[in-house]
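To keep things clear, I will list the structure first and then write my remarks on it.
No value in this document is a laboratory result; all are computed from the given coordinates. Keep in mind that this is a model prediction, so the values were computed, not measured. Here the Cβ is made from the backbone with ideal geometry for all residues, glycine too, and neighbour counts use every protein chain on show.
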Amino acid sequence: MKEGPISSSSNFNHVPVMGKEIIQSLKELPSELTKQGLIIDATIGGGGHSAQILENFPGIKIIGLDQDPMAREAASKKLIKFGTRIKIISTNFADFSLDEQAICVLADLGVSSHQLDEPSRGFSFRLNGPIDMRMNPKEGSSAAELIETLSEQNLADLIYELGEEKRSRRIARKIKNDLAENGPYSGTQDLSYAIAGCFPPKQRYGRIHPSTRTFQALRIAVNNELGSLESLLLKAPNWLLENGLFMVMSFHSLEDRRVKSSFKTDNRLKVLSKKPIRASSEEIELNPRSKSAKLRISAKKFLT
């Protein structure tokens with residue numbers, strides 16, 4: 001286990017996506033639930049969604065989860081005014097267990113603006129930093145270690161399966177050749193330039209950056225994001241009271257397909273959103289990163 005760079009939480013800014021839609025869904029719950037209920041914010045981030053919920057529902061308490069120490073610090077500062085109504089726990093939601101029952105489980109699966117915009121976290125190909133990408137910089141292997149240890153074949157498979165990148169073979173070959181000939185990349189931009197070189201010149205400056213899918217694949221793998229999501233989808237319905245809401249916001253198709261399938265096939269849940277809820281054009285204009293968000297909502301059935 002190696003420690004990575006830890007940046008300050010002072011600039012942690014995670015704009016809550018579809019906050020109005022989430023609040024409206026909670027307002028449609030029976031009043032006896034929202035008067036004194038418990039909500040699990042499975043990805044509290046900077047505390048944006050939790051702040052909106054606590055402000056709109058004075059009787060609600062929240063348990064917020066996050067494995068990112070900077071996120072927890074930022075959320076603690078933002079939510080301190082709510083006192084004992086908020087409890088923040090250092091954990092990945094896949095490892096969480098609950099002894100009581102909640103009226104809602106909310107999971108925003110997006111990478112925060114702070115994580116993307118802070119070079120030291122290594123998530124961004126636009127800003128140079130160490131090739132890290134860990135949500136918890138103190139745990140697990142970095143993306144740099146991952147690309148060094150995987151074989152070319154396994155790296156290509158990973159980029160194809162988790163990034164849905166058609167040029168995965170060429171990219172994996174380039175990365176492994178570079179590592180063999182020149183040693184580790186100097187940072188995220190060095191890696192990004194190598195990936196971009198695997199594309200024809202005309203495709204290097206399009207709407208989607210050539211490195212987007214490969215960086216996504218590495219981030220998902222480093223943090224076991226899909227495995228954690230599948231664990232949450234299995235466990236969360238057991239945390240809910242009857243009629244309690246399970247809300248999951250995803251930002252790419254690999255996540256959304258899993259959420260959609262789980263909601264549809266889980267006999268503990270009733271799907272409330274037949275189609276995913278999308279951000280309004282007004283919100284997208286204010287926060288362009290909300291454009292790819294899909295919010296799916298289900299409710300806990302009464303099981304005899």
Practice task
Can you put Phe263, Phe302 in order of Cβ neighbours within 10 angstrom, beginning with the fewest?
Solution key: Phe302, Phe263
Exercise for the section: Measure off 7 Å from each Cα along the Cα-to-Cβ vector at Asn224 and Arg126, then give the distance between these two points in nanometres to one decimal. Expected result: 3.1
Fill in the blank from the handout: A student applying the Cα gyration tensor rule (rounded when a/c is under 1.5; otherwise prolate if a/b is larger than b/c, oblate if not) would label segment 1-157 prolate
Practice task
Find out how many positive minus negative residues lie around Gly45, taking Lys and Arg as positive, Asp and Glu as negative, among other residues whose Cβ is under 12 Å from that of Gly45.
Solution key: -3
Completion exercise
Treating every alpha carbon of segment 136-222 as one equal point scatterer without solvent, the Debye formula yields log10 I(q)/I(0) values at q = 0.10, 0.22, 0.25 Å⁻¹ of -0.22, -1.10, -1.40
Practice task
Select from Ser281, Gln216, Ala51 the residue farthest towards the positive end of the dipole of the chain; place +1 on Cβ of Lys and Arg, -1 on Cβ of Asp and Glu, and compute about the Cα centre.
Solution key: Ser281
Fill in the blank from the handout: Rounded to 0.05, the calculated FRET efficiency for the beta carbons of Thr265 and Arg85 at R₀ = 35 Å is 0.50
Handout entry: FRET efficiency for Ser141 and Gln36, using Cβ-Cβ distance with R0 set to 45 Å, rounded to 0.05
Key = 0.55
Fill in the blank from the handout: For segment 138-286, the Cα gyration tensor yields equivalent-ellipsoid semi-axes (√(5λ), largest first, whole Å) of 35, 19, 13
Practice task
Mind pulling the angle between the C-alpha long axis of helix 168-182 and the longest principal axis of the chain? Nearest 10 degrees, somewhere in 0 to 90.
Solution key: 60
Handout entry: Spatial extent of segment 119-185: Rg and Dmax, with the Cα atoms as the point set, Å
Key = 12.2, 32
Practice task
Using a Förster distance of 25 angstrom, determine the FRET efficiency expected from the C-beta separation of Thr212 and Ile284, and round it to 0.05.
Solution key: 0.85
Problem - Structure-based [θ]222 nm, the chain - -39500 (n - 2.57) summed over DSSP H runs of at least 4, per residue, nearest 500 - result: -12000 deg cm²/dmol
Problem - Separation of the Asp157 and Tyr193 label points, Cα + 7 Å toward Cβ, nm - result: 3.2
Exercise for the section: Would you work out the charge dipole size for the chain about its Cα centre, treating the Cβ of every Lys and Arg as +1 and the Cβ of every Asp and Glu as -1, and quote it to the nearest 20 debye? Expected result: 940
Handout entry: Cross-link table Lys270/Lys294; Lys27/Lys260; Lys138/Lys275, entries beyond 29 Å C-alpha to C-alpha
Key = Lys138/Lys275
Fill in the blank from the handout: per DSSP, antiparallel bridges as share of beta bridges in the chain, % nearest 5, sits at 35
Problem - Evaluated at q = 0.11, 0.23, 0.24 Å⁻¹: base-10 log I(q)/I(0), Debye formula over Cα of segment 200-276 - result: -0.40, -1.09, -1.14
Problem - GNM flexibility winner over the chain from Asp41, Asp266, Asp99 (Cα, springs under 10 Å) - result: Asp99
Exercise for the section: Take the alpha carbon atoms of the chain, find their radius of gyration, then divide it by 2.2 N^0.38 Å using N residues; give the quotient. Expected result: 1.03
Exercise for the section: Please order His209, His114, His49 by the number of other Cβ within 10 Å, starting at the fewest. Expected result: His209, His114, His49
Practice task
Given the options Gly206, Gly47, Gly59, state which has the largest fluctuation in a GNM of the chain using a 10 Å cut-off (strictly under) for Cα springs.
Solution key: Gly206
Problem - Set of lysines with alpha-carbon distance to Lys202 below 18 Å, sequence-local pairs under 8 removed - result: Lys166
